[in-house]
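The structure appears right after this line, and notes come after that.
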Amino acid sequence: NKIEELLDDIYHESVENHGMAWKDLHKKIDDRIAENTSFINEATADWTIDEWKELYLHQINIGNPDIYYFIASKIEELSQGEYFKNCIAENLGVLKLNVYSCSDKDALYKSDILLSAVKALNRISSPSAKVEVTEAFRMCETVNEHILYELAEYVAAQCDSELPGLIKDENIEGDKLVALLSMCVQENKRND
């Protein structure tokens, strides 16, 4: 709640401007949190990994899949790169569903956990889940566009050695190939 109070004016500014670009919003949030690092570190000094995971799940449960940088970093550090990787691996099956029109609440929740894990890894630029994200990208139905583009962003940023094979893969075509190539261009991965 204290962190939400620290960021409240940023959210109001975003709403008043009819939403800022996500990267601009994230930068402002991260800057504000950085200004209050000592308070956050002091308040969470004795937290266990389970308490950080609880905060992560709280963010998802309140409908915020964009996990704060400091939460993602702390979980990645304390779990030695295993937690987000497991969140992806354990929820791969939902990518075969159309999560937009799925009435299965459990599947929707699993898709939120997977999406948030990939967003967190993208936010902290962690290469810890290359295998899991590449598999998720291959499995993801193109109708799940919001998840597909997060996966493509991770693959483009972290999986250099896998990119040529994925681009040449005949099973990756249409919108999925467009997502991957778009993210490669965004990440400045342009070569032969």
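At a glance:
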| read-out | value |
| --- | --- |
| Residue check, Lys119 open to solvent by 60 Å² or more (accessible area, probe 1.4 Å), in contact (Cβ under 8 Å) with a residue 12 or more places away in the chain, out of contact with any strand residue (DSSP E or B) (no Cβ under 7 Å at 6 or more places or on another chain) and not small (Gly, Ala, Ser) | no |
| Complete set of residues in segment 128-157 that are of a type in the set (S, T, N, Q) and open to solvent by 40 Å² or more (accessible area, probe 1.4 Å) | Thr142 |
| Top-ranked residue of segment 73-96 - restricted to ones that are touching a residue at least 12 places away in the same chain (Cβ under 8 Å), closer than 21 Å to Thr134 by Cβ and among the polar types (S, T, N, Q), ranked as surrounded by the fewest Cβ atoms within 10 Å (Cβ to Cβ) | Ser79 |
| In segment 165-183, the residues that are open to solvent by 70 Å² or more (accessible area, probe 1.4 Å) and assigned to a helix (DSSP H, G or I) | Lys168, Asp175, Val178, Leu181 |
| Filter pass, Val99 being more than 30 Å from Asp46 (Cβ to Cβ), open to solvent by 40 Å² or more (accessible area, probe 1.4 Å), among the β-branched types (Val, Ile, Thr) and assigned to a loop (DSSP other than H, G, I, E, B) | no |
| Residue among Ile71, Ile88 that alone is part of a helix (DSSP H, G or I), within 20 Å of Ile10 (Cα to Cα) and touching a helix residue (DSSP H, G or I) at 6+ places or on another chain (Cβ under 7 Å) | Ile71 |
| Failed item in (1) of a type in the set (Phe, Trp, Tyr); (2) at pLDDT 95 or above; (3) over 30 Å from Glu35 (Cβ atoms), with Tyr100 passing the rest | (2) |
| Flag for Ser125 being open to solvent by 70 Å² or more (accessible area, probe 1.4 Å) and within 27 Å of Lys27 (Cβ to Cβ) | yes |
| Residue match in segment 27-36 (condition: within 19 Å of the chain's Cα centre (by Cα), under 26 Å from Val155 (Cβ atoms) and crowded, with 16+ Cβ neighbours inside 10 Å) | yes |
| Residues being among the hydroxyl-bearing types (Ser, Thr, Tyr) and not in a loop (DSSP other than H, G, I, E, B) - total across segment 121-164 | 4 |
| Ser111 vs. criteria closer than 30 Å to Ile49 by Cβ and not in a loop (DSSP other than H, G, I, E, B) | yes |
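The values are calculated or read from the model by the stated rules, or taken from the named source; none is laboratory data. In this text the structure is predicted, and so the values were computed from the model without any measurement. Methodologically, a virtual Cβ is constructed for each residue, glycine included, from the backbone with ideal geometry; neighbour enumeration extends over all protein chains shown. Calculation scope for accessible area: heavy atoms of the full protein, side chains included, ligands and nucleic acids excluded. Shrake-Rupley method; radii C 1.70, N 1.55, O 1.52, S 1.80 Å.
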